[in-house]
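Since the structure comes first, as structure tokens, the remarks are kept for the end.
Bear in mind that the values in this text are calculations on the coordinates, not laboratory data. Computed from a predicted structure; not experimentally measured. Reconstructed Cβ throughout: ideal geometry from the backbone, glycine too, with neighbour counts over all protein chains shown.
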Amino acid sequence: MAFDNVLVVDFGAQYAQLIARRVREAHVYSEIVPRTMPLSEMLARKPAGIILSGGPASVHVPGAPSIDDALYDSGVPVLGICYGAQLIAQQLGGEVARTDVAEYGRTSLEVTGSSGLFAGLPSEQDVWMSHADSIVRAPTGFRVTARTGVVPIAALEDVERAVYAVQFHPEVAHTARGQEVLKHFLYDVCGCLPRWTMTSIVEQAVELIRSQVGDEKVICGLSGGVDSAVAAALVHKAVGDQLTCVFVDTGLMRAGESEQVEDTFRRQFKVDLVHVKAADRFLEALDGVDDPEQKRKAIGNTFIRVFEEVAADFEDARFLVQGTLYPDIIESGTKDAARIKSHHNVGGLPDDMQFELVEPLRNLFKDEVRAVGEELGLPEEIVWRQPFPGPGLAVRIVGTVTPERLEILRQADAIVIEEIKRAGVYAELWQSFAVLLAIRTVGVMGDERTYAYPVIVRAVVSDDAMTADWARLPHDLLECLSSRIIAEVPGVNRVALDITSKPPGTIEWE
Ligand code: XMP
């Protein structure tokens, strides 16, 4: 099935992603393109519409990001948002100025002219503003359709050329009716149909996988996380028995996780699953290692060795599934962040393996991946599971990793997860887990003096793990965690709460 495609031209990454997600929530496929992409290339994608995103620049600074103004006569409908709106005004002969009023935050918008974008909406509504420059004169041919108490030009349009511009941000949740404004643009101006639905996403992915793979064999590494699980389920739906899943059980998983993988893939989906029980090899590699980077290296190397051995049995497999997501694709190439920890994806593989990649999630945002997972019938526990680091519980055990200490942490962690779910806050948290320390402290239980490990409760809220805030968990939940962990987990006599944000802390302890 062919989908309408609405391009979002990126003038400042965080805005563009949110716009594309909102467009997709309106069931229209949307792709983000860099502003440096030549117009001819954008048009070659046959977009149903083009949205110019907001961004942090001012149109007045030398070298301010711009776009080929032939766009406005291309016949493709255009919507400019914030910076995008100012760019349209400036390029088409209007005027943008740094007035002495800036607008930040919730503002009341007054619709002053009839506009398809505001059809059916009240003439006054709350919108979210974030700008220092303002459009002070509309270009010839444009009509002003909305104002605020601060700026006389908050929305403008040239219906002839189908060029629309809004100073406010329809994509943010604070703009209460913003999604309706976007829908008017998508459906009424661009003529898009709402066909980007879960069912059609799955159908399209299945078709693409089939045409890529033909009748060749495919292998897929499962990690227990949502991405590899959804990727595997999609590929299985597409090519059934041609798929073999490999689950390298490092022994560093959370309680019940490897059973869940077995249950779901072997029993429910009837996937050919190779469950490699390699806990001993990982423990051996970790023996005596207490430096965090050394741990990661030991785990990464062991993983590669184990996977290579298993893969040798699948000489005839030509394809390898990877759960790469759309944000990875958008960000790769532009990402230049300092390496704070050497990330290792268990489930990821050596670069020199001679497989062709199948990446069925490469067009999807995380929330779409979850929705596809639900559509395919994966269990809620997998679909909604919080992220888990590739090196597993090993980076949540400060100091050396031994079977005894792993067991202590696994039990404590299971209690943390169980109680957080019971309190109904699991879905609000980016991650929540237990950490085991290497020190011991004195306590008293019954009449006995104890000398045992403390467990740290770590819970954070975040959008993308780049920054995070410690979660304000309810006190009765904390009380319950403390008393249950100490009562039920032998070897623990103290529970503490981590109240460090990121930065300066990281989410994991190692
Ligand atoms: P930090 O601890 O750096 O973690 O704030 C940010 C996010 O990344 C996860 N994480 C990892 N994920 N392999 C992974 O696949 C790794 O080696 C790894 N280390 C940290 C962490 O759980 C958090 O979500």
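Things worth noting here:
- Radius of gyration and Dmax over the Cα atoms of the range 5-189, both given in Å: 14.6, 42
- Angle of helix 366-375 to the longest C-alpha principal axis of the chain, folded into 0 to 90 degrees and rounded to 10: 70°.
- C-alpha long axis of helix 292-312 to longest principal axis of the chain, angle in °: 90
- Residues Ile32, Ile329, Ile499 arranged by fewest to most Cβ contacts within 10 Å: Ile499, Ile329, Ile32
- Degrees separating the helix 403-422 axis from the principal Cα axis of the chain, which is the longest one: 40
- Built amide H within the under 5 Å cut-off of Ala48, gap 5+: Asn5, Val6, Leu7
- Length-normalised contact order of the chain in % [C-alpha pairs under 8 Å, at least 6 apart]: 10
- Karplus-derived 3J(HN,Hα) values for the range 201-213, using 6.51 cos²θ - 1.76 cosθ + 1.60 with θ = phi - 60°, are 4, 5, 4, 5, 4, 4, 4, 5, 4, 4, 6, 6, 8 Hz; glycine and proline are entered as x.
- GluC sites (Glu not before Pro) within the range 237-325: DSSP coil, no more than 10 neighbouring Cβ in 10 Å: Glu315
- Local charge for Arg143 was computed over the other residues whose Cβ lies under 11 Å away, with Lys and Arg +1 and Asp and Glu -1, and equals -3.
- Value of D in µm² per second that Stokes-Einstein yields for the chain, Kirkwood Rh from Cα pairs, at 25 °C (0.890 mPa s): 96
- Of the peptides 82-92, 472-482, 225-235, the order by per-residue mean of other Cβ atoms within 10 Å, starting with the highest, comes out as 225-235, 82-92, 472-482.
- Positive dipole terminus of the chain, leading residue within Gln212, Leu473, Pro379 (C-beta point charges): Leu473
- Loop-located GluC sites (Glu not before Pro) in the range 146-182 (DSSP state other than H, G, I, E, B) with a sparse environment of at most 15 neighbouring Cβ atoms within 10 Å: Glu160.
- Arranged from fewest to most other beta-carbon atoms within 10 Å of their beta carbon, Trp128, Trp509 become Trp509, Trp128.
- Computed Kirkwood radius, in angstrom, where 1/r is averaged over Cα pairs of the range 396-497: 14.1
- Once the Cα gyration tensor of the range 146-300 is diagonalised, semi-axes √(5λ) in Å: 48, 25, 13
- 14 Å tail of the calculated P(r), the range 420-474, as % of Cα pairs: 63
- In the chain, a dipole from Cβ-located charges (positive for Lys and Arg, negative for Asp and Glu) runs towards its positive end, and of Ser114, Val435, Gly80 it is Ser114 whose Cα lies farthest in that direction.
- In this entry, the range 198-383 is assigned a mean projected area of 11.0 nm², taken as a quarter of its C-alpha convex hull surface.
- Straight-line cross-link reach from Lys270 at under 16 Å between alpha-carbon atoms covers these aspartates and glutamates, not counting any fewer than eight positions away in the same chain: Asp241, Glu259, Glu262.
- Evaluated at q = 0.13, 0.23, 0.28 Å⁻¹: base-10 log I(q)/I(0), Debye formula over Cα of the range 209-269: -0.34, -0.92, -1.24
- Charged side chains reduced to their Cβ positions (Lys and Arg at +1, Asp and Glu at -1) give the chain a dipole of some 700 debye around its Cα centre.
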